[in-house]
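Comments concern the structure below.
Only the coordinates and a few stated rules stand behind these numbers; no lab work does. Predicted model, so just to flag it, every value in this text is computed and none were measured. Quick reminder, even Gly has a Cβ in these numbers, built from the backbone with ideal geometry, and neighbours come from all protein chains shown.
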Amino acid sequence: MTAPAIAYNFAYLDEQTKRMIRRAILKGIAVPGYQVPFASREMPMPYGWGTGGVQVTAACLVPEDRLKVIDQGADDTTNAVSIRRFFQRTAGVAVTEATADATVIQTRHRIPETPLTEGQILVYQVPIPEPLRFLEPRETETRKMHELEEYGLMHVKLYEDIARHGQIATAYAYPVRVEGRYVMDPSPIPKFDNPKLTANPAIQLFGAGREQRIYALPPYAEVVSLDFEDHPFQATKAAHDCDLCGAKVSYLDEVITDDAGGRMFVCSDTDFCAGRRARGLIGRLGGDQKSSKTFANSFQGIWPGTEGAP
Amino acid sequence: MTANALTGGFGAPSIDSARAFRQILEAMARPGTIRQVAGAAPPAPLSVAAGAVLLTLVDPTTKLHLAGAADCTPVRDWVAFHLGAPLAPAEEADFALGTWEALQPVTRFRIGQPDYPDRAATLIVEVDRLVNHGPALAGPGIELVTWLNLPETAAFRANRALYPLGFDTILTSGDRLAGLPRSTRVEKL
Amino acid sequence: MYVAVKGGERAIDNAHAWLAEERRGDTAIPELTVAQIRSQMALAVNRVMAEGSLFDPDLAALAIKQARGDLIEAVFLIRAYRTTLPRLGASNPVDTGAMQPDRRISATFKDLPGGQVLGPTFDYTHRLLDFALMAGGATRTSPQRQEEAPPSPLAGEGRGGGVPQPVPHVTEILNRDGLIEALAASDATPPDLTREPMELPADRALRLQALARGDEGFVLSMAYSTQRGYGRTHAFVGELRIGRVAVEVDIPELGFAVEIGEIEVTECETVNQFKGSKTEPPQFTRGYGLVLGQSERKAISMSLVDRALRWKELGEDNIGAPAQDEEFVLMHCDNIQATGFLEHIKLPHYVDFQAELELVRRLRAEATALREAAE
């Protein structure tokens with residue numbers, strides 16, 4: 001057996017597959033928030049690791065694009081690196097970490113802090129697209145509920161939270177109603193990010209590979225987080241500023257710095273944080289930090305995978 | 001088969017269709033905006049834009065309805081060679097192509113099912129020109145309001161009333177196109 | 001989190017290099033060849049072909065080598081490769097009735113046309129470790145390959161010499177007497193699980209397709225659960241046959257079908273007890289399994305689960321057994337979907353976890369404040 005040299009198509013997928021995905025994307029755009037079934041393909045990365053987002057991105061990319069890939073808000077998380085490399089290899093597109101410079105951004109679990117603009121596409125990786133799944137596990141039932149706009153069960157669930165906890169105890173993947181019609185799962189973004197979903201100038205596309213669904217928010221679509229009059233939706237975050245750049249308004253990661261209760265809070269959006277520091281904005285512990293790499297180096301020996309000398 | 005049926009496809013299919021799709025996506029996501037496409041050279045009477053839409057979205061797995069003057073031998077041959085799409089009556093079509101007059105009555109086209117609203121037709125409507133004058137459009141994809149010279153308003157208003165069911169429309173003229181998804185609210189004229 | 005991510009690119013490269021080294025193992029020991037895996041790990045190769053839904057023993061063997069023997073990982077490699085292949089056409093249905101089986105047994109009749117052919121089975125081996133294999137002992141040959149079947153006046157020849165005799169399906173013998181449900185032949189194009197999204201409720205063709213590439217362990221456990229009473233179907237193995245079948249493709253330009261090759265398949269048909277219903281007199285019913293390669297555990301399991309899923313069309317009670325639940329079985333039988341989603345929880349979830357942390361802290365603070373106010 002000879003080893004065949006395999007040349008993959010632009011952006012990996014074959015043309016027929018891309019047409020199928022493109023048709024699904026357009027129907028998703030036409031019916032915002034409705035989950036369009038699509039014949040998701042096996043990808044060379046595992047289901048659950050962004051295959052839906054990768055297929056949507058592959059169907060959208062043009063050679064002129066500048067692609068940004070983030071996971072947990074960061075460009076350098078391992079899975080973001082892996083997906084970015086995949087598209088560098090298979091589509092030859094330029095990549096960037098700067099939100100403002102990107103034309104296509106594939107994300108897992110965050111919406112960038114820097115506001116998006118017209119001409120940009122934000123592609124979300126979605127694990128469970130069905131917002132009603134954990135209230136009703138059957139697709140045959142949830143499909144009926146969407147058809148009949150029977151969203152009472154969701155309100156009951158949220159109300160039970162209030163009865164038990166005094167507030168809605170959903171912190172991420174917080175359900176939204178799109179254009180007054182479909183209840184939609186915004187993917188596991190923190191509810192802090194929910195207000196960025198509505199009236200966004202960018203095109204927002206959602207891909208769930210294993211569950212074979214694509215859905216979309218056209219620009220400026222109206223997206224409302226579910227709530228009650230006496231318990232309005234609140235976008236919350238840790239009550240801290242970023243310890244590196246001092247930002248008060250960004251979503252934060254918590255970093256454990258020792259085993260004696262020491263911790264710091266840093267922007268989850270690494271591009272946003274680096275941009276602020278480059279402009280000389282400095283947080284509580286950011287004074288000596290020249291770069292995130294220097295910061296990381298201070299953990300050498302504690303965290304496997306870090307590099308450089310202290 | 002007519003001689004020129006073999007030509008007029010995308011020269012570099014994966015790249016040309018990617019660029020065309022991006023324009024179609026922007027057009028559908030921002031109803032009323034007019035976009036430009038290239039790379040297709042279909043036989044008359046098809047426009048470059050209509051040809052590009054077909055090459056980008058239609059294939060053997062989708063049923064195509066050709067209406068009026070578009071339903072001619074050169075187009076049929078071109079469709080057979082480049083798309084391989086089965087031709088179908090209006091009621092079964094995933095995609096339909098023709099002038100607005102030729103597509104009448106548009107109530108024939110599939111509008112999806114209550115549980116699967118995506119199973120609806122996309123109409124590719126050839127128009128003489130596309131300009132941002134005419135009835136006002138509002139809805140998803142439009143920040144406030146925009147205008148587009150639609151061939152009429154009543155049919156699109158009736159289609160909007162079916163939401164989330166309804167057909168979706170791509171208007172094509174020369175090498176330009178505009179999108180009008182079922183979600184768009186059209187001003188009464 | 002900020003820190004663990006740094007060095008991501010280098011960490012990935014290092015992990016890949018380390019993996020390659022571990023895959024090769026001790027370099028003092030000769031490297032396995034793909035041909036060795038193909039010929040000596042044939043049942044692993046078969047499983048990878050079946051669940052990868054691609055009949056290519058060389059590629060399956062390569063996948064097993066690359067995956068360090070992790071069969072689900074190997075199936076994944078095959079699936080990811082398979083999906084990039086162009087579709088040149090669809091074959092005609094294979095005719096398992098024309099198969100000259102290497103193995104063919106029936107549990108319902110002592111003897112029957114075509115005979116019982118035991119074939120290369122573990123069935124009557126004593127499961128004693130054979131230390132001779134460890135020492136690289138001599139290979140046993142089977143000079144009496146065709147004579148392994150019990151003597152039978154009706155016996156076929158099995159693989160090997162002699163004139164091939166027809167080996168009719170057991171269920172057809174029952175069908176002739178009207179004792180088993182008739183299945184109408186259909187030329188309808190079945191749905192294609194790999195090209196269309198799963199739509200529920202699924203028809204039988206789609207269910208069988210999903211089960212054929214489903215995880216052997218999952219399908220086995222589902223089948224076993226029916227035997228223990230969770231949707232019991234009283235199954236007998238009417239027939240199990242393993243052998244090669246011709247794959248034929250219609251060539252429109254020629255106007256007839258051309259054989260493009262052969263594949264090995266395992267087919268199981270169960271004969272199931274059925275009491276009859278208000279409209280139907282008592283007769284037997286069928287369960288069906290067809291799997292690429294020699295995979296008889298999978299084929300039998302598949303036919304039991306197939307039969308259990310048919311409760312509705314046969315007018316049986318749904319007792320709420322997992323194996324009767326079409327959506328549950330079909331949505332969870334694929335090990336590539338399952339393993340991907342299971343393992344994705346290894347990925348960073350800092351953001352969602354942080355959101356939960358913040359919520360729990362706030363709820364606790366409020367609860368504490370309330371308690372203190374009350375005291």
Considering every residue in A:72-84, what mean count of other chain Cβ atoms within 10 Å of its Cβ is obtained? 5
Descending packing, highest mean Cβ count within 10 Å first, for A:43-54, A:134-145 is A:43-54, A:134-145
FRET efficiency, residue C:87 to residue C:250 (Cβ-Cβ, R0 22 Å, nearest 0.05): 0.95
Can you compute the helix-only [θ] at 222 nm over chain A? Use -39500 (n - 2.57) per DSSP H run of at least 4 residues, normalise by all residues, nearest 500 deg cm²/dmol. -7500 deg cm²/dmol
Are there trypsin sites (Lys or Arg not before Pro) in the range C:1-85 that DSSP marks as loop and that have at most 16 other Cβ atoms within 10 Å, and which are they? C:68
Mean other chain Cβ within 10 Å across A:210-221 is 5
Karplus ³J(HN,Hα) for the range C:293-310 (6.51 cos²θ - 1.76 cosθ + 1.60, θ = phi - 60°; Hz, whole; x = Gly/Pro) runs x, 8, 9, 6, 4, 5, 5, 5, 4, 4, 5, 5, 5, 3, 5, 5, 6, 8
For a protection proxy built on the mean count of beta-carbon atoms within 10 angstrom, sort C:173-185, C:323-335 highest first, please. C:323-335, C:173-185
Kindly put A:203, B:111, B:170, B:15 in sequence by how many other C-beta atoms sit within 10 Å of each C-beta, fewest to most. B:15, B:111, B:170, A:203
Quick one: helix B:48-57 against the long Cα principal axis of chain B, what's the angle to the nearest 10°, folded into 0 to 90? 90 degrees
Evaluated at 37 °C and 0.692 mPa s, the Stokes-Einstein D of chain C based on the Kirkwood radius over Cα pairs, in µm²/s, stands at 135 µm²/s
Taking H as built 1.01 Å from N, whose amide H comes closer than 5 Å to the amide H of residue B:147, not counting residues under 5 places away? B:137
Extent along principal axes [Cα atoms of the range C:307-371; Å; largest to smallest]: 61, 32, 11
Mind listing the phi-derived Karplus ³J(HN,Hα) values for the range C:70-83, rounded to whole Hz, using 6.51, -1.76 and 1.60 with θ = phi - 60°, and x for any glycine or proline? 7, 5, 5, 4, 5, 4, 4, 4, 5, 4, 5, 6, 4, 5
Could you pull out every residue, at least 5 positions away or on a different chain, whose amide H is within less than 5 Å of the one on residue A:225? Hs are placed 1.01 Å off N in the peptide plane, and Pro or chain starts have none. A:177
Simple spin-label model, 7 Å along Cα-to-Cβ: residue C:185 to residue C:10 in nm? 6.8 nm
Order these by the 10 Å Cβ neighbour count, fewest first: C:169, A:146. C:169, A:146
All-pairs alpha carbon distance profile, the range A:1-104, 10 Å steps from 0, percent: 14, 42, 35, 7, 1
With Rg and the Kirkwood Rh both taken from Cα atoms, where does Rg over Rh land for the range B:10-186? 0.94
What ranking do C:55-62, C:199-206, C:252-259 get when scored by the average of other Cβ atoms within 10 Å per residue, highest first? C:55-62, C:199-206, C:252-259
Rg (one decimal) and Dmax (whole number) from the Cα set of the range C:246-351, in Å, equal 20.1, 62
Per-residue mean of other chain beta-carbon atoms within 10 angstrom of the beta-carbon, peptide A:268-280? 1
Among C:69, C:89, C:231, the residue with the largest mean-square fluctuation in a Gaussian network model of chain C built from Cα contacts under 10 Å is C:89
Quick one: compute the contact order of chain A, relative version, from alpha carbon pairs under 8 angstrom and 6+ residues apart, as a percent. 18 percent
If I model a spin label as a point 7 Å beyond the Cα along the Cα-Cβ vector, how far apart are those points for residue C:360 and residue C:127 in nm? 4.3 nm
Tabulate in residue order the Karplus-calculated ³J(HN,Hα) for the range A:117-132, using 6.51 cos²θ - 1.76 cosθ + 1.60 with θ = phi - 60°, rounded to whole Hz; enter x for Gly and Pro. 10, 4, x, 9, 10, 10, 10, 9, 8, 10, x, 10, x, 8, x, 8
Counting other C-beta atoms within 10 Å, which of A:36, A:255 has the fewest, and how do the rest follow? A:255, A:36
Once you keep just the Cα pairs under 8 angstrom separated by 6 or more residues, what percentage relative contact order results for chain C? 16 percent
Percent RCO, i.e. relative contact order, over the range B:19-171, from Cα pairs under 8 Å lying at least 6 residues apart: 20 percent
Calculate the all-directions average of the projected area of the range C:10-82's alpha-carbon convex hull, and give it in nm². 5.1 nm²
List the extent of the Cα atoms of the protein assembly as shown along each of their three principal axes, largest first, rounded to whole Å. 91, 78, 60
Taking amide H positions as placed 1.01 Å from N in the peptide plane, with prolines and chain starts having none, which residues 5 or more places from residue A:47, or on another chain, fall under 5 Å of its amide H? C:340
May I ask which of A:27/A:68; A:27/C:298; A:68/A:191; A:144/C:312; A:191/C:346; B:63/C:298 have a Cα-Cα span longer than 32 Å here? A:27/C:298; B:63/C:298
Points 7 angstrom from Cα along the Cβ direction at residue A:224 and residue A:8: gap in nanometres? 4.3 nm
